[in-house]
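The values are calculated or read from the model by the stated rules, or taken from the named source; none is laboratory data. What you are looking at is a predicted structure, and each value in this text was computed from that prediction instead of being measured. Note that we place each Cβ from the backbone using ideal geometry, even for glycine, and neighbour counts take in every protein chain shown.
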2 protein chains.
Amino acid sequence: MALSTKPYKGARDFYPEDMRIEKYIFSVWREAVEQFGYEEYDAPILEPTELYLSKGNEEIIREQTYSFQDRGGRDVTMRTEMTPSVSRLVAGRRQELSYPLRWYSIPNCWRYERTQRGRGREFYQLNVDIFGISGSSAEEETITIADRIMQRFGANRDMYVIKLNNRKLSDYILQEYLGLDATEAHSLSTLIDRMHKMDRADFIAQVDAICSPSEREAGAVEKLLGVLDSKTLADLPSELQKQPALKELTQLMAALRAAGVTNIVFDPTLMRGFDYYTGIVFEVNDTDPHNNRSMYGGGRYDSLVAQFGAEPVPTVGFGMGDITMRNFLEAHLLLPKLASETDVYVVPVGDVAETMQKPVAELREMGARVAVGVVGRKLGDQLKAAAKKDLRYALIIGEDELASGQYTLRDLQNGTEEKHSLQRIVSLVQDHRKQP
Amino acid sequence: MALSTKPYKGARDFYPEDMRIEKYIFSVWREAVEQFGYEEYDAPILEPTELYLSKGNEEIIREQTYSFQDRGGRDVTMRTEMTPSVSRLVAGRRQELSYPLRWYSIPNCWRYERTQRGRGREFYQLNVDIFGISGSSAEEETITIADRIMQRFGANRDMYVIKLNNRKLSDYILQEYLGLDATEAHSLSTLIDRMHKMDRADFIAQVDAICSPSEREAGAVEKLLGVLDSKTLADLPSELQKQPALKELTQLMAALRAAGVTNIVFDPTLMRGFDYYTGIVFEVNDTDPHNNRSMYGGGRYDSLVAQFGAEPVPTVGFGMGDITMRNFLEAHLLLPKLASETDVYVVPVGDVAETMQKPVAELREMGARVAVGVVGRKLGDQLKAAAKKDLRYALIIGEDELASGQYTLRDLQNGTEEKHSLQRIVSLVQDHRKQP
């Protein structure tokens, strides 16, 4: 029986036209973060399973890992996210590295999820992390970068909104203001994380079930709803207004607005699924009502490096997936027309198999990217083949052209033909490369 | 207990200085193949296990795959090589694609091997394939590219040699000239593939054991040694001189020499481990006696696309690993000094946390890649931190600089300092980027 031509379910093939989009997204990411002095690193896609067991997102660890034993009996897991790996790398050279350390990576990650739009089983994720700064300049920088990336893709500020919260404020609210114990607080934060996917009555019933009778009597449910319904920091109950965690948010939001990042809001329902966050968390949301979802986010996680027995390193970072990014760009018509990696398709006419080698080599030496058609095939068929490749130019090489040194350059977009020297042709295709 | 900071055994972490080398190798690969009109594609690192079972390298399939069942009971394998995946992609769009199709990719591949120098359990591999050409221009082009890549890395022709053979010639020799049956021929080709790792007496004994008594009586062992000891095509026994497969080799070698690829030799012992080759095979070897090993290779495989129920597509391709490439570049001192992704490290002096934001933003807008130090840290400590990052320039921003608009640019390589406008600074660092 014939083998299937389909990729593994939930994973993607990248034919050249898809690969060009992927390369475009990666190049905008790289340019944006390098402008802020970030250096690229990488780590293996396979990690010891224990790396993911201690802290992270419970649902992913329990139900969504690709875990197995290697042929030597070692438990391994395909990377579900980059944060544990980058913490491992920093811990491994804790002493030698120079801080602040600004690192980025674009790893491929795997999660066994039910496949649906915007969520494959594999995705690439830009990871941007700054290590060694405990003050708020780290949050300011990373959120500014998250915003700059959107701007570089051509997004307007009404297309997305940046939501902010503070894990320390949430912890204070759950444990001190509502008086829950640690287990209840954890269950409740997981529930709040999912609250936008359920109706309000259902949510309230589940909050009710988590709280103990005495907590319910003390008004925990109503107090929680009062907090979650706050639209701004000023809306929060007066008992919370003096909290240092609230002041952190006020100052950060003022600094971001001063730097021009104006589309930011406080969101008390923002929990972020991962257990390792210790301070400010943020999330970027698409404002389009048809695609109104969390696109990416991050926050401060000061205690992961310490898991490796090293001194803790204050860290702020975020991750940004390629699938969500591409969906956003397509929905907002921001994806530009992307040119092929090839500049010119040479169409040989007549028996020029040997004689065309010299001009073709010269074109390449001068910097043109040149594909060559097959000697003996019909001119029309060759031009059709070239047109299917999203190329701009075909170059016809026959005996006349070889004799005169003037070659026929055909513009495949409008069908016009002009005769030029090789040098002129290279300069034309290079101009086109700059402005496709 | 603390988690280990080591990567999974046989896999590599890429700290920024290693990542720069990796990015350099990939960029030379990309430039070289794009010059010949190749387009980039990609496929998932996880494939259905059946993809690898039919044709390939037996040892890898039996002993070296990372195979497991996913949570839905599907048998999956981490990619061991790209050829099965790229054949799957071409078969999936057999009719729509336009030929000749020139595709490349740089996938990460995994094999469970005993770890040793030049062989990790994971590696990146440039894959270059041309589909749709049955004539020898396909072999000519791919071998020329393999050679161009070495030239682009700065290698001289005495540093490497390209070995050629023809699977059709080997098949004819084993089955017709020596008269072996298919099973014996397969065992013998596997043995020849390993002959350079054993001593001659041992090799002869094993050849002897594979041949039947009547084949031995007919002189099969001596005839085989006569073939394998041939240094050139002309050295081969006269009975073989008229074989079409031999003529293919003669013509290809002449064409390559005419194109300037002079360091090519015929090697009758060249088998290549993979079962799918159907014609010309080649291999590039390091000539350094201390590192005298096969670096990479490829050949013609015309029947893989047909495994997916599609019409066959003639194909020639090769693969080139990053670890072998890096070892070669290091051994021959060809690795250039690679600059950091960051141009300038800003050292704030005094309380300039807010006032420095404007000039820093301007530097970035003009195209400089700027990392910022921490306000309040000592000047000396900050310069030390900058120096550790392989950067060229530090930019000191204090109140004087902010008032005058003239900023102190410190060359970290020679310790000199000069005052410049922001515009001049951007132009200086961009010049440095072009010539590090």
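Of the residues making up the stretch A:90-144, those that are assigned to a loop (DSSP other than H, G, I, E, B) and free of Cβ contacts under 8 Å to residues at least 40 places away in the same chain number 8.
Taking the conditions exactly as written (at pLDDT 95 or above, of a type in the set (A, V, I, L, M, F, W, C), at negative phi and in contact with a His (Cβ under 6 Å, 6 or more places away or on another chain)), does residue A:150 satisfy them or not? No. For the stretch B:200-214, indicate whether the set of residues that are over 30 Å from residue B:134 (Cβ atoms), among the aliphatic types (A, V, I, L, M), touching a Leu at 6+ places or on another chain (Cβ under 8 Å) and surrounded by fewer than 18 Cβ atoms within 10 Å (Cβ to Cβ) is non-empty. Looking for residues that are over 30 Å from residue B:134 (Cβ atoms), among the aliphatic types (A, V, I, L, M), touching a Leu at 6+ places or on another chain (Cβ under 8 Å) and surrounded by fewer than 18 Cβ atoms within 10 Å (Cβ to Cβ), one finds at least one in the stretch B:200-214, hence yes. Set side by side, the residues A:296, A:276 differ, and just one is part of a strand (DSSP E or B), modelled with pLDDT under 95 and under 18 Å from residue A:167 (Cβ atoms), which is A:296.
Counting just the residues of the stretch B:234-259 that are touching a residue at least 12 places away in the same chain (Cβ under 8 Å) and outside any helix (DSSP H, G or I), which one comes out surrounded by the most Cβ atoms within 10 Å (Cβ to Cβ)? For the stretch B:234-259, the residue satisfying everything is B:236.
Residues in the stretch A:384-403 that are surrounded by fewer than 18 Cβ atoms within 10 Å (Cβ to Cβ) and under 18 Å from residue B:133 (Cα atoms): A:384, A:388. Residues that are in a loop (DSSP other than H, G, I, E, B), buried (at least 17 other Cβ atoms within 10 Å of the Cβ) and within 9 Å of chain A (Cβ to nearest Cβ) do not occur anywhere in the stretch B:71-89. If only residues of the stretch A:90-111 that are under 23 Å from residue A:297 (Cβ atoms) and among the polar types (S, T, N, Q) are counted, the one that is farthest from the other protein chains (Cβ to nearest Cβ) is A:105.
Taking the stretch A:363-413, which residues are over 35 Å from the mean Cα position of the chain (by Cα), more than 22 Å from residue B:142 (Cβ to Cβ) and facing chain B (nearest Cβ under 10 Å)? Correct list: A:381, A:384.
When restricted to residues that are part of a helix (DSSP H, G or I), closer than 30 Å to residue B:328 by Cα and over 19 Å from the mean Cα position of the chain (by Cα), the stretch B:145-177 contains 2.
Residue-wise test of (1) in contact (Cβ under 8 Å) with a residue 24 or more places away in the chain; (2) over 17 Å from residue B:132 (Cβ atoms); (3) over 22 Å from the mean Cα position of the chain (by Cα); (4) within 14 Å of chain A (Cβ to nearest Cβ).
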site: B:262; (1), (2), (3), (4): yes, yes, no, no
site: B:268; (1), (2), (3), (4): yes, yes, yes, no
site: B:290; (1), (2), (3), (4): yes, yes, no, no
site: B:293; (1), (2), (3), (4): yes, yes, no, no
site: B:304; (1), (2), (3), (4): yes, no, no, yes
site: B:310; (1), (2), (3), (4): yes, no, yes, yes
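If the condition is being more than 22 Å from residue B:67 (Cβ to Cβ), more than 9 Å from every other protein chain (Cβ to nearest Cβ) and part of a loop (DSSP other than H, G, I, E, B), then the stretch A:49-59 contributes A:55, A:56, A:57. Out of all the residues in the stretch B:14-34, is one or more at pLDDT 95 or above, in contact with a Ser or Thr (Cβ under 8 Å, 6 or more places away or on another chain) and acidic (Asp, Glu)? So far as the stretch B:14-34 goes, yes, one or more of its residues are at pLDDT 95 or above, in contact with a Ser or Thr (Cβ under 8 Å, 6 or more places away or on another chain) and acidic (Asp, Glu). Filtering the stretch B:321-343 to residues that are within 13 Å of another protein chain (Cβ to nearest Cβ) and more than 20 Å from residue A:28 (Cα to Cα) leaves B:322, B:338, B:339. The single condition among (1) more than 22 Å from the chain's Cα centre (by Cα); (2) surrounded by fewer than 17 Cβ atoms within 10 Å (Cβ to Cβ); (3) hydrophobic (A, V, I, L, M, F, W, C) that residue B:360 does not meet is (2).
Please verify whether the stretch B:407-426 includes one or more residues that are touching a Gly at 6+ places or on another chain (Cβ under 9 Å), modelled with pLDDT of 95 or more and assigned to a helix (DSSP H, G or I). Yes. Being in a helix (DSSP H, G or I) and touching a residue at least 12 places away in the same chain (Cβ under 8 Å) holds for only one residue in A:180, A:224, and it is A:224.
Taking every residue in the stretch A:376-397 that is under 21 Å from residue A:362 (Cβ atoms) and pairing it with any residue that is modelled with pLDDT of 90 or more and of a type in the set (D, E, K, R), at least 6 positions away or on another chain, the pairs with Cβ-Cβ distances below 6 Å are A:394/A:410. Looking at B:30, B:12, B:62, B:20, just one residue is within 30 Å of residue A:71 (Cα to Cα) and facing chain A (nearest Cβ under 9 Å), and that residue is B:12.
So, residue A:43, is that one over 21 Å from residue B:52 (Cβ atoms) and at the interface with another protein chain (Cβ under 7 Å from one of its Cβ atoms) or not? The answer is yes for residue A:43.
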